[in-house]
Each structure stands twice: as structure tokens, then as C-alpha cells.
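Take a look at the structure set out below.
Where a number appears in this text, it was derived from the coordinates with a stated rule and is not lab data. What you see is a predicted model; the values in this text were computed from it and never measured. Note that each Cβ is placed from the backbone with ideal geometry, even for glycine, and that neighbours are counted across all protein chains shown.
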Amino acid sequence: MGNFKTIQYGIDPETGLIWSRCGSQVVVPILHFESMSVENNFEPKYFFEEMHIFEAIPAINAVKWTRKIPTEVKNIHREYWGMKPLKLKTN
């Protein structure tokens, strides 16, 4: 068998941010406060923090796991996990 990865996406109900899980690891978007300034109208920037799924307890218990995530957001997570991007749907 090949080295296949399965990715799950979840929404943190407190922040609305999207988490992803691959195997026993999860990545959580963390707000990078230092990059926010008057010059960029306090535009939020995020970075991923990766951790073992057990390190994310109890917060992970509140995450709502779903497939209903915008493709653009899925592709950000897929890139992080070293996966090929999904094709964007065109109307």
C-alpha cells in the first residue's frame, strides 16, 4: 500500500477557525498578533501550530468535524500536510 493520508476538517465553535487532523496530529490556526498593525488595518494573519491529538484535549472535544469547508481553506490545510490541492469549482 502507498503512503496515503486522510485529512479531516473541523470548526472550532469558540473562534470559527478551521482545524485539520491527519493521523494522530492536528493543526490549529493561531493568530499572529505581532503582524497586525495600523499600517495594514490590523489585518489578521495566522500560522499553524501542530500537535499530537492528545495535546489538544479538551479543546478538540468541542470541535465540530465536517466536510463542509470551503475548498480554498481545505487547500491551505492540504498544502500544510504535503497534499495536492483540490480543484476549485468554476460556475
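Scan the stretch 25-40 residue by residue and report those that are surrounded by fewer than 15 Cβ atoms within 10 Å (Cβ to Cβ) and either in contact with a strand residue (DSSP E or B) (Cβ under 6 Å, 6 or more places away or on another chain) or in a strand (DSSP E or B) (or both).
Step one: filter the stretch 25-40 for residues surrounded by fewer than 15 Cβ atoms within 10 Å (Cβ to Cβ), giving 25, 30-40.
Gln25, Ile30, Leu31, His32 - these are the residues of the stretch 25-40 that are surrounded by fewer than 15 Cβ atoms within 10 Å (Cβ to Cβ) and either in contact with a strand residue (DSSP E or B) (Cβ under 6 Å, 6 or more places away or on another chain) or in a strand (DSSP E or B) (or both).
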**OP:** Scan the stretch 41-91 for residues that are surrounded by fewer than 11 Cβ atoms within 10 Å (Cβ to Cβ) and in a helix (DSSP H, G or I) and jot them down.
**Re:** Phe54, Asn61, Glu72
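Answer with yes or no whether Glu39 is acidic (Asp, Glu), more than 12 Å from the chain's Cα centre (by Cα) and within 21 Å of Gln8 (Cβ to Cβ).
Working: acidic (Asp, Glu): yes; more than 12 Å from the chain's Cα centre (by Cα): yes; within 21 Å of Gln8 (Cβ to Cβ): no.
When the stated conditions are applied, Glu39 does not pass them.
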Subject >> Total residues in the stretch 1-28, condition of a type outside the set (A, V, I, L, M, F, W, C), without any contact (Cβ under 8 Å) to a residue 40 or more places away in the chain and more than 12 Å from Val63 (Cβ to Cβ) >> reply: 6
**OP:** Might you let me know whether the stretch 20-40 holds any residue that is of a type outside the set (Phe, Trp, Tyr) and closer than 23 Å to Lys89 by Cβ?
**Re:** yes
**OP:** Residue by residue through the stretch 1-24, note down the ones that are closer than 22 Å to Asn75 by Cβ and exposed (fewer than 13 other Cβ atoms within 10 Å of the Cβ).
**Re:** Gly2, Asn3, Phe4, Lys5, Thr6, Thr15, Gly16, Gly23
